[in-house]
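All remarks here apply to the structure that follows.
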Amino acid sequence: MIWRSIVGKLWITILMLVTAVLGILAILLFQFFENFHLSQVEDELSNHASFIVATIEQGEGQPQSFRSVRQLEHAHGMKVVIFRENIPYWTTDPAVEESNYIPPLFFANHQTFEAVFEGERQVISPIAYEQPGDEQPSEYIVVGAPAYTQNDQFAIFLYNSLDLMDETTAETKRIILLAAGIGLILTTFFAFFLSSRVTAPLRKMRQVTLEVAKGKFDTSVPMLTHDEIGQLAIAFNRMRRQLNNNINALNYEKAQLTRILSSMADGVITLNRRGDMVVTNPPAERFLEAYAYENDENQGLPERLQLLFQKVVTHEEEEWVELSVQGRTYASLMTPLYDEDHVRGVVLVIRDMTEERQHDKLRKDFIANVSHELRTPIAMLQGYSEALLDHVAETEEEKEEMTRIIYDESLRMGRLVNELLDLARMESGNITLIKQDFEVVQLAKKVHQKFQQMAKDAELDLHFDSSEEEAIIYADPDRIEQVLTNLYSNAVRHTESGGSITCSMTSTNETVKIHITDTGTGIPESDLPFVFERFYKADKARTRGNAGTGLGLAIVKNIIESHGGEIVVQSKEGMGTTFTITLHKALERKD
């Protein structure tokens, strides 16, 4: 704010000083002019009173001497009352001057004017008289003077209302206030101009300092004067150049370090001696988020790593430990970080060893799973075929049952082979997608409705919740329906009677998210990293009905990723599972 700046303070100081001087001067001028106007009225009435006294005394109180009094009264707007031997003798006509008329008896009964009636001296006095019908008395200035002739004594009273003087005084006050206001305005502009000129170099230096604080080191302070402020500008520019060189060197090193950390596949965390995290890279942040989700804690360093940190700082030796988070195995290597001769922190390197340890196992498991999945239907085909050839079946019903089993197993083997081929095409990028703009909410409702009877037979509750009535995406509707069908089928198979399955949809300006949530048996933590792998199957004891081929989720993931989307799974054993699909809207699609 301007009031807190040097310009504002200097401006306000000058303004307050001038205001105080003008205020005192105005008060003194008000008092002076008020006394001056009152004195002027008194002098005027005194002069007229002296003239009337002289006229009466020269005319010996004859009636013709009062003719000039009447003329004087009309010319100057004053009122005259004359007593002769203390008896009202001549007065202003009350019918003509009713508004400011004072009865003669008022003067006769007023103690202030006793000296006039006694002929001692002239009296000048303000009085207050309340006219009939007025709410408050009016103020008057009265001049009383005695006059003598050879035979009579006269008491002459001249009075006039102070309203005219008040109007004159008010007009004078208005002129004084106007002059003071003009002077104050001129002073305001002058003070602001003066303070701005004086503080201009300091304000410029402050502006440059703020620019430097924002990192704009190429801004220099102009040297406008050769006084102390100019020397300060020279010193500041020298400091700015040196600081710019140091910051550039630090930024270069920091950028280089940031690029190295960001490009690393391993997670890196730097901790100070108190155990506070100073630097983290994206892989490390993902590790901490997974740990926080698994343990329902705020994102922070795991307890085992905190203990390892204390050990490394105490013994100043390199230590490592393995952690299991969300079914993935991480090797954590912690090394002390030295500052000359003492430990100032540690560097923690976190490597995801899951893929490395499971790579060979997955290759072996794939061959074993394919062999196992094909061996079972082939064995059944061979067994029942031999039974038919050996005429083991005695009745037509038994033959028909064996034939049905052979047919079902051949379908299962064909489905397995077809899904393997589909998955292979998807992973090789040879899948053909017929993309178009379509309404995904209605498609989700259609799939939801398709499973109503199956859920009713399994004694499950189906719920559908969408924050929007419609959402247009650019995708292959048949493939998206295949994805939703697979997820619904898995949810029904893995949810016990009395449970529920909920499909909820949310959207942003760019994406649509579909959440399939069940209250089923959940997925063991150790299996979470492999749910989208080929031939992954849940424990058969936890599955309702026949188990699938183990290729469904792998196909689902490939379909979603071929649309430029994403699918993630969150699950806790015994509490349920949530699959979340993210797809881009039609207006924001990524070709």
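The values are calculated or read from the model by the stated rules, or taken from the named source; none is laboratory data. Note that the structure is predicted; figures quoted are calculated from it, not measured. Here the Cβ is made from the backbone with ideal geometry for all residues, glycine too, and neighbour counts use every protein chain on show. Quick note on the areas: whole protein, heavy atoms, side chains included, nothing else; ligands and nucleic acids left out. Shrake-Rupley method; radii C 1.70, N 1.55, O 1.52, S 1.80 Å.
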Requested in this report: Within region 281-295, which residues have the backbone N less than 16 Å from the label spot 7 Å out from Ile260 along Cα→beta-carbon, could you tell me?
Outcome: 281-282
Report summary line: Cross-link reach from Lys204 to lysines, straight Cα distance under 27 Å and at least 8 residues apart if same chain, gives Lys9, Lys214, Lys216
Report summary line: Note: Phe36 to Gln71 extended length (0.36 nm per residue) minus current alpha-carbon separation gives 9.9 nm
Report task. Only Cα pairs under 8 Å and at least 6 apart count here; give the relative contact order of the chain as a rounded whole percent. Result -> 8
Report summary line: For the table Lys445/Lys572; Lys435/Lys585; Lys445/Lys513; Lys450/Lys572, the rows whose alpha-carbon distance is greater than 18 Å are Lys445/Lys572; Lys450/Lys572
Report task. Under 18 Å Cα to Cα from Lys173, which aspartates and glutamates show up? Leave out anything in the same chain fewer than 8 places away. Result -> Glu34, Asp163
Requested in this report: Would you please classify the overall shape of region 252-327 from the alpha carbon gyration tensor, given that a ≥ b ≥ c denote the square roots of the eigenvalues, rounded means a/c under 1.5, and beyond that prolate means a/b larger than b/c while oblate covers the rest?
Outcome: oblate
Query raised in the report: Just the accessible area per residue of region 186-332, please: how many Å² with a 1.4 Å probe?
Result: 66
Report task. Calculate the length of the line joining the C-alpha centroid of region 252-314 to that of region 138-166, in whole Å. Result -> 105
Report summary line: Taking a straight Cα-to-Cα line shorter than 15 Å from Lys311, and setting aside same-chain aspartates and glutamates fewer than 8 residues away, one finds Glu303, Glu319
Requested in this report: Can you tell me the 0 to 90 degree angle between the C-alpha axis of helix 552-562 and the longest principal axis of the chain, rounded to 10?
Outcome: 50
Report summary line: Toy charge model, Lys and Arg Cβ at +1, Asp and Glu Cβ at -1: the chain dipole around Cα centroid in debye, rounded to 20, equals 2480
Query raised in the report: Which of Leu10, Gln58, Val81 sits farthest toward the positive end of the charge dipole of the chain, with +1 on the Cβ of Lys and Arg and -1 on the Cβ of Asp and Glu?
Result: Leu10
**Report entry** Model label zone, Ala115; criterion: amide N under 18 Å from point 7 Å along Cα-to-beta-carbon; scope region 143-178
**Finding:** 143-148, 154-159
Query raised in the report: So which GluC sites (Glu not before Pro) in region 118-224 pass both tests, a DSSP loop state and at most 16 other Cβ atoms within 10 Å of the Cβ?
Result: Glu118, Glu120, Glu130, Glu135
Report task. Tally up the carbon and sulfur contribution to the accessible surface of the chain as a whole percent, 1.4 Å probe, everything protein left in place. Result -> 53
Requested in this report: Would you mind computing, in nm to one decimal, how far apart the modelled labels at Ser220 and Ile175 are, each placed 7 Å from Cα along Cα→Cβ?
Outcome: 5.9
Report summary line: In the list [x] 2.18; [y] 1.15; [z] 0.99, the entry giving Cα Rg over 2.2 N^0.38 Å computed from the coordinates is [x]
Query raised in the report: How much length is gained on full extension from Leu194 to Tyr407, taking 0.36 nm per residue of separation minus their Cα-Cα distance?
Result: 66.3 nm
Report task. Evaluate E = 1/(1 + (r/R0)^6) for Ile87 and Ala128, where r is the Cβ-Cβ distance and R0 equals 25 Å; express this FRET efficiency to the nearest 0.05. Result -> 0.50
**Report entry** Average accessible area per residue (Å²) across region 443-523 - probe 1.4 Å, nucleic acids and ligands excluded
**Finding:** 47
Query - Nearest-ten-degree value, helix 354-389 long axis tilted from longest Cα axis of the chain - result: 50
Query - Residue-span extension gain [Thr19 to Ala213] - 0.36 nm each, minus C-alpha spacing - result: 65.9 nm
Query raised in the report: If you add up the charges near Leu528, with Lys and Arg at +1 and Asp and Glu at -1, over every other residue whose beta carbon is less than 12 angstrom from its beta carbon, what do you get?
Result: -3
Query - For the chain, calculated [θ]222 nm from helices alone, where every DSSP H run of n ≥ 4 adds -39500 (n - 2.57) - result: -17500 deg cm²/dmol
Requested in this report: Measure nothing fancy, just the Cα-based angle from helix 282-295's long axis to the longest principal axis of the chain, in degrees from 0 to 90, nearest 10.
Outcome: 80
**Report entry** Projected label distance in nm at Leu381 and Gln449, using a 7 Å step from Cα toward the beta-carbon
**Finding:** 3.9
Report task. Using the charge dipole of the chain (Lys, Arg: +1 at Cβ; Asp, Glu: -1 at Cβ; taken about the Cα centre), state which of Met239, Gly327, Thr92 has its Cα farthest towards the positive end. Result -> Met239
Query raised in the report: Looking at His315, Val142, Leu38, which one has the Cα that reaches farthest to the positive end of the dipole of the chain (charges on Cβ: Lys, Arg +1; Asp, Glu -1)?
Result: His315
